[in-house]
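Single-structure report; data block below.
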Amino acid sequence: MTSGEQTIRVGQLRGAVNICPADIVSRCELAILLESQGETEDALFHWRRVLAYDPNNLEAWEGIARCGPRLPGRAVPGGHG
């Protein structure tokens, strides 16, 4: 998917989750695309929203694990820093 296609898809997915906030499939895809674009804080927001609807969603927990350490001022859990 090209950068332009990703941008279009992100817009489509944002629209989908605005219409149906509980759409976990769209929200997961959106979070993945946001991560790939370096929009870590926004991706983390969507991963947390997935967990609000499905607390056992492994994909969301993995997304949070990837995003959390990338945020400014966040140390890697169990790490030295």
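The values are calculated or read from the model by the stated rules, or taken from the named source; none is laboratory data. Since the structure is predicted, the reported quantities are computational estimates derived from the model, not experimental observations. Here Cβ is always computed from backbone atoms with ideal geometry, including for glycine, and neighbour counts include all displayed protein chains. Surface accessibility is based on the protein's heavy atoms, side chains included, excluding ligands, DNA and RNA. Shrake-Rupley method; radii C 1.70, N 1.55, O 1.52, S 1.80 Å.
A few comments on the model shown:
- Considering residues of the range 2-32 that are out of contact with any helix residue (DSSP H, G or I) (no Cβ under 7 Å at 6 or more places or on another chain) and of a type in the set (A, V, I, L, M) only, the residue surrounded by the most Cβ atoms within 10 Å (Cβ to Cβ): ILE32
- Residue within the range 34-44 that is assigned to a loop (DSSP other than H, G, I, E, B), open to solvent by 60 Å² or more (accessible area, probe 1.4 Å), at pLDDT below 95 and in contact with a helix residue (DSSP H, G or I) (Cβ under 8 Å, 6 or more places away or on another chain) present: yes
- Of all residues making up the range 45-62, the number that are within 20 Å of ASN18 (Cβ to Cβ) and assigned to a helix (DSSP H, G or I): 10
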